[in-house]
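A short reminder: the numbers here are calculations on the coordinates, not readings from a lab. All values reported here derive from a predicted model rather than from experimental measurement. Backbone-built Cβ (ideal geometry, glycine too); neighbour counts: all protein chains shown.
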């Protein structure tokens, strides 16, 4: 990661940046995906810390650095444990977790598959459509002259000054293919939205519960309250009081997943109810079958921290996940290659051709690329 003056980062949080500093920050962000991921995580940390009162930016920044790079060192140790392992199983392919992504360029790298960016569209109660892009700080007028704050890649409803009035208005945020965005609901719950995701929610929570509707994938860090927080998805509901969990529920897929990182959640369908403990995942199939299992949570939540983690996954499932992020279309000339198994990690901010190149080197499939359409062909 390239260095940047800490005072510029501080001003990007507290305000008061000059045009020259804005230009320097934008240039730094455009230098690498790692810079953008670091900055996004920093913004999320300070947003969760709240906006009320005086903020000790230096103290909070040091805490963010400790948590961020502390985790990074532990991750390196975890990778080194497997550095000597390369396994090929019958009917499967395993990619080494420590892939060298800086290897020499090959013909594959003539194709550009840029990663997604922070973008979304906000649909207000009046039907207005507002384009949301990163690096923008502004107040957006919503209902009855009330304003919601956009702090770069976070849409912050908790910063509204309502003063005892009730706003009975529903908004929807839509993240397209090739996008991601974050938001802070009026109760200070943080929501991280993956590509091709819709979330409908009230501008202000009121009544007996806090209810939102989701299609796609989102990670929720729910603020504790005596009012249940309910995520409504086609076919099931997830109910909590305060917890951290991920929901993967794309309509075109055959199963929906709820993965719990912290706290407890209740997953409920018309006929069944399951209680999840940390490290457990509820799976609902299109046939209506509901079950739970123990999982490695990071595999399902790493996307919000800028990583793809594949653990014995079918090639088709891998390609489906990355296709939304890189906004590409995938077809298969040989259907049997869909069941090749893939293990490995890759940054969401790498050019997609890097992953394709690594898969091609295994000499099991190759890729025919025309524009943003990729055809997978068995060898």
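For 166, 214, what's the fewest-to-most ordering of other Cβ within 10 Å of each Cβ?
Sorted ascending by nearby Cβ count, the order is 166, 214.
Tell me, what is the percent relative contact order of region 207-292, built from C-alpha pairs under 8 Å that lie six or more residues apart? In percent, rounded to a whole number, it is 22. For region 114-206, the antiparallel share of DSSP beta bridges with both residues in that region comes to about 85%.
Annotation for residue 121 and residue 292: the two label points, set 7 Å from Cα along the Cα-Cβ direction, are 3.8 nm apart.
In region 140-270, inverting the average of 1/r over every pair of distinct C-alpha atoms gives 15.1 Å as the Kirkwood radius.
Spin-label model, residue 370/residue 225: points 7 Å from Cα along the beta carbon direction are separated by 5.2 nm. Subtracting the Cα-Cα distance of residue 114 and residue 166 from 0.36 nm times their residue separation leaves 14.4 nm of extension gain.
What's the FRET efficiency of residue 252 with residue 312 using the Cβ-Cβ distance as r and R₀ = 22 Å, to the nearest 0.05?
That gives a FRET efficiency of 0.45.
By how many nm would the segment from residue 18 to residue 302 grow when fully extended, if each residue of separation counts as 0.36 nm and the alpha-carbon distance is taken off?
98.8 nm
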